[in-house]
Amino acid sequence: MYELSRDLYRALKPSVIPDPRQPGRAERLLLAACEQTVERIARDLRRYPRPARHLFSQIRFLFPLQEQLQAYRIIEDHVQAALERLESEVGPDAGRATALRCASINRKGKPCGREPLRGSRFCPSHKHLEAVLPPAHRGLYVA
């Protein structure tokens, strides 16, 4: 998901109006909004019905008026790509809340909150569990 938010940021950045009083502020706002939107798509899609529209409403003031339609189209395309990627990785019936969560449980009995490695169910700290435990087992693992 990190790659998707950065791709969205890179696609929108050339059209941003720079702030002469605070250099880099507009870019930081854009990056933060892109990252928050993609993360929320992955974690809470059921309560986030129109992510492209919401992101555009947050950042539209960063673009000149003649560039806003193009910015919205870029946002729509990238959000759709994020939704398709999430569905391909997690599956259409899986819960969105666990899409970016490691499958292990820490010693205190709480789920690991880190993002798993691409193509794995475990984060870098728990990647050793992937090789040790059988792939058919779908439960949570204590590390």
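Values in this text are rule-based calculations from the coordinates and carry no lab data. Computed from a predicted model, the values in this text were never measured in an experiment. When we count neighbours, we look across all protein chains shown, and the Cβ atoms used for this are built from the backbone with ideal geometry, even at glycine.
Odds and ends about this structure:
- Among residues of segment 22-49 being within 21 Å of residue 67 (Cβ to Cβ) and free of Cβ contacts under 8 Å to residues at least 12 places away in the same chain, the one that is surrounded by the most Cβ atoms within 10 Å (Cβ to Cβ) is 32.
- Within segment 1-48, the set of residues being closer than 16 Å to residue 60 by Cβ and of a type in the set (Val, Ile, Thr) comprises 16, 17, 37.
- The set of residues in segment 29-64 being of a type in the set (Phe, Trp, Tyr) and farther than 25 Å from residue 18 by Cβ consists of 48 alone.
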